[in-house]
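Below is one structure; the comments refer to it alone.
The values are calculated or read from the model by the stated rules, or taken from the named source; none is laboratory data. What you see is a predicted model, and the numbers here were worked out from it, not measured in a lab. Neighbour counts run over all protein chains shown; Cβ positions are idealised from the backbone, glycine included.
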Amino acid sequence: MTNDQAEFLLNQVYLPMIQNERKATRRVIEAVPADKGSWKPDPKSMGALELAWHIASSECFFLNGVANGKFDFGGGAMPESIKTSADVLKWYDENIAKATAAVASAKGGALTQVIDFHGVFQFPAIAYVGLMSNHSIHHRGQLAAYLRPMGSKVPAIYGGSADEPLELPTAAKA
């Protein structure tokens, strides 16, 4: 991939996609009831609050890693101040904009450089933006599956849900 291709991919595909996905991610995290953060469907599963944190913090982790040309594996623990999904969203809103701006300023050479990921992957930096999106969508789906058993409603993500049916714009109904 050339530097120009990497910049095109970031600016014309990934950044608009991230902005769109962020709305759905916020809605799913927001739907976690404040008193159900420890709920999990199975003892091996993450609790709802832990999973919400994992989604929010991982997005920042990946974007900052791409922007910095290396991943910082030391700072992923959930702060003790985070007690509810509202706290996760506050943290997310404060940090995701900075991480997105940092990666948005990356230029071609930085986007095509290979970054090591724990010795497991060695991909060009731009590939981790796509991996971040896949990772977030995957875990957001897990968290969405927790919602109804916790007594919450599942928000519309891609189209409607049983709790939030799709509302077509008036022009589309004609």
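List of remarks:
- Search result, residues across the range 115-148 that are of a type in the set (S, T, N, Q) and surrounded by fewer than 16 Cβ atoms within 10 Å (Cβ to Cβ): Gln122, Asn134
- Residues within the range 42-58 that are over 10 Å from the mean Cα position of the chain (by Cα), part of a helix (DSSP H, G or I) and of a type in the set (A, V, I, L, M), tallied: 3
- Selection from the range 64-102 of residues that are in contact (Cβ under 8 Å) with a residue 40 or more places away in the chain, assigned to a helix (DSSP H, G or I) and either among the polar types (S, T, N, Q) or in contact with a Gly (Cβ under 8 Å, 6 or more places away or on another chain) (or both): Ser85, Thr100
- Subset tally (residues that are on the phi > 0 side of the Ramachandran plot and touching a residue at least 24 places away in the same chain (Cβ under 8 Å)) for the range 103-147: 1
- For the range 123-140, the criterion of a residue being of a type outside the set (Ser, Thr, Tyr), part of a loop (DSSP other than H, G, I, E, B) and within 19 Å of Ala52 (Cα to Cα) is satisfied by no position.
- Candidates Ala99, Ala77, filtered to the one that is hydrophobic (A, V, I, L, M, F, W, C) and either over 18 Å from Arg22 (Cα atoms) or exposed (fewer than 12 other Cβ atoms within 10 Å of the Cβ) (or both): Ala77
- Taking first residues from the range 16-42 that are closer than 14 Å to Gln142 by Cα and partners that are in a loop (DSSP other than H, G, I, E, B), the Cβ contacts under 6 Å between residues at least 6 apart in sequence or on separate chains come to Ala24/Ile157; Arg27/Pro155; Ala31/Ser152; Ala31/Pro155; Lys40/Gly47.
- Phe61 assigned to a helix (DSSP H, G or I) and farther than 20 Å from Val13 by Cβ: yes
- Qualifying residue in the range 33-49 (condition: modelled with pLDDT of 95 or more, acidic (Asp, Glu) and crowded, with 21+ Cβ neighbours inside 10 Å): no
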